Amino acid sequence: MRVNPVLRPLSRRVGSRRCAWLIGAAVAIAFCPPVNAQEPILLDRAELVLDGSPTPPRADRPGEWVDLPDDWRLRRPDRGGIAWYRMQLDAPSGRGADPWAVYLPSVNMNAQVWVNGVSVGGCGRFEEPVAHCFNRPLFLRVPGPLILDGSNRVEVKIFVYPHQYGRLGALWLGPEHRLASEYEWRYTLQITLSQIATAVVASVAAFLCALWIASGFEGVYGYFVLSTAAWTIASCNYWLRDLPVSHWVWERIIHLGLDVCLVALVPWVHRILGERWPRVESAAAATATLGLAITAPSSAEAFYPLVNWVHAATLLWAIYACVVVIRRHGCRPFLAWDGVVYALVGPGAVLLGSHDLAVQFGWVGTPVYLAPLTVPLILPSFGATLTRRFLEAGRRRASDARELNVRVQEREEVLARSYHERRALERNEARCQERQRLTREIHDGLGGHLVATLSLVEGGKLGDSGVAEALRMAVEDMRLVLDSADLGAACLGEVLGLGRERLEPVVVRHQIRFVWQVPLHAYLDVPLGSERGMHVLRVLQEAVTNGVRHAGPKQISIAAIAELGTVRIEVRDDGSGIQPGAGRGRGIRNMQERALHAGACLRILSGSTGTCVALELDMDAAGSTPRPESILGRGPRRLPLPENELRACDRSGGRGS
């Protein structure tokens, strides 16, 4: 035999066999109870005295001998209130001064214990609402001197609600240390675990409520929150001693919570499986609603029979939910471990719930409720499923968001490339248009002057002064074309200023008085654009040039008159005017075409007192060149011109002639 090194010196002195005997004796002494230890005494027969006094009745008051446990709903269901149980305790002698205890495993609704006329404690208050101790074991310490050698009187006061499950179980009296372990085990089983279950379910309900809100109030989370919240309220009945409301109000609240908890599992299971069976869900909801309508107004005598049958109906819905989950697990795409949990926990919870229902019906004698032990297992497992679904949905949303961001970035890159390409095309188009415009202006203006001058020079029709004047006109036209390239987004005031700069020297050079009547007004700040501004300059140039060449005026004036949404630019001279019957020249046609492209209305009026060329600009369309068809749709505008006019505005299309 191998000997511990600590005991090796002792074994050398007394021998290994004697050492083994010494160790065995020490172990036996340590685990054997003391010689004077007393076994607990069971009191299972008592004399029942139906007396409502707060203190023990007189000893000569007769009673009824009953065996414990005593179930009131079997023997006296219509009786209620306070009653007394008398019992005799024969205590052995030689007990010493060690404290004893009274252990009462089962009582309904409340109890208080007296030993030899002295109260040793109870469960709580006896006034409404009476302390709720139907599921609570009692452990009351009894001072050692209070227990006498020989006969002792033990009296128990209980409170029972009529038509409820009144009960007093057998009592145990004995040394405190012998009864404490049994009491602690039963208290942990019935009270502590119930409190933990309530806390766990309440935590699950709060967490799932947050998920429900975060999911946008999705039904699969909402019904589970409803079920867990209802069970949280109902589970308080197993451990709460001091009620916040009266007994019968409390009973209706907790039984309704139990029914709602079971019925809410039906729509939750449908949604977690992706099914929609509205008729089944309506039937389940109707069961709970009908149960509430039946039990809420019922009397105390009919309440418990009715509520038990309602519980039986709602339990069938819970069984239905378990069957649907187990049957669909093999063919529905939710997690395998979830199905294993449901297959194990679901039927177990149904069986234990059926046990509690059998206790309610009185089919099981021992009133031990087991539902608080199973619900904390099945509800957190359901909560784990929903949490995992929520996290997976979050991961899918994150993945979709990342994919969407990638697609958005790709689309932004495509749009950016398209934008740059479009801007390049627009710049190329703008350059092409500007090139075409300059080419057209040079061809129509400078080119025309040079060709006409060359033709006249070759034909010998121009002298030196005529050639110089023609070249001077060509230079002015070239300057006008070059100036138009810098117009860009020039406003009306800048265009008119440029026109004055180019036209006034021409008029003064011919010894004609030049009058400028352009007041400062808001429309001068409206941008015209290079093309529209060039058309306006060309019309003004043509009007002044025609007057200088053909009318022989003494004065030429340029005026701008602002009206609502329009600006009228007038070029007047006091020359001979246009003779009646004279044909329309090329200059007038050019002015009409320019006005058309500038989005303006041109009018030419002539008489014995001179000629007026009026150009009306629509400033609402400033900054962009209006389409010709939109201009042609407008009617002519009447101007306050001289009465002796010889030629009026052309009525066709609103354009001047």
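Tabulated values for the structure
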{"read-out": "Debye, to nearest 20: dipole size of the stretch 166-313, +1 on Lys, Arg Cβ, -1 on Asp, Glu Cβ", "value": "140 debye"}
{"read-out": "Under the Debye formula (equal points on every Cα, no solvent term), log10 I(q)/I(0) of the stretch 270-325 at q = 0.19, 0.22 Å⁻¹", "value": "-0.71, -0.84"}
{"read-out": "Assigned charges on the beta-carbon of Lys, Arg, Asp, Glu; the stretch 71-215 dipole about Cα centre (debye)", "value": "320 debye"}
{"read-out": "Most to least packed among 117-128, 281-292 [average Cβ atoms within 10 Å]", "value": "281-292, 117-128"}
{"read-out": "Long-range amide H partners of Ile578 with built H, under 5 Å", "value": "Gly607"}
{"read-out": "Amide H within-cut-off set for Ile41, under 5 Å, with H built and near neighbours excluded", "value": "Leu173, Gly174"}
{"read-out": "Debye intensity ratio in log₁₀ form over the Cα atoms of the stretch 153-230, taken at each q of 0.13, 0.23, 0.24 Å⁻¹", "value": "-0.69, -1.05, -1.08"}
{"read-out": "Rounded to whole Hz, the Karplus (6.51, -1.76, 1.60) HN-Hα couplings of the stretch 543-559, x for glycine and proline", "value": "5, 5, 4, 4, x, 5, 7, 10, 9, x, x, 9, 8, 10, 10, 10, 10"}
{"read-out": "Segments 203-211, 502-510 sorted - mean Cβ within 10 Å per residue, highest first", "value": "203-211, 502-510"}
{"read-out": "P(r) tail fraction, the stretch 207-328 - alpha-carbon pairs more than 20 Å apart, %", "value": "47 percent"}
{"read-out": "Relative packing of 534-541, 192-199, 149-156, which averages over residues the other C-beta atoms within 10 Å, highest first", "value": "534-541, 192-199, 149-156"}
{"read-out": "Under the Karplus curve 6.51 cos²θ - 1.76 cosθ + 1.60, θ = phi - 60°, whole-Hz ³J(HN,Hα) for the stretch 196-201, x wherever Gly or Pro sits", "value": "4, 4, 4, 5, 5, 5"}
{"read-out": "³J(HN,Hα) computed for each position of the stretch 208-215 - Karplus, 6.51 cos²θ - 1.76 cosθ + 1.60, integer Hz, glycine/proline x", "value": "5, 5, 5, 5, 4, 5, 5, 7"}
{"read-out": "Amide H contacts under 5 Å for Val526, placed H, 5+ residues apart", "value": "Leu492, Gly493"}
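All of the numbers you see were taken from the coordinates with simple rules; none came from a lab. Please read these numbers as outputs of a predicted model, since none were measured by experiment. Virtual Cβ from ideal backbone geometry, glycine too; neighbours counted across all protein chains shown.
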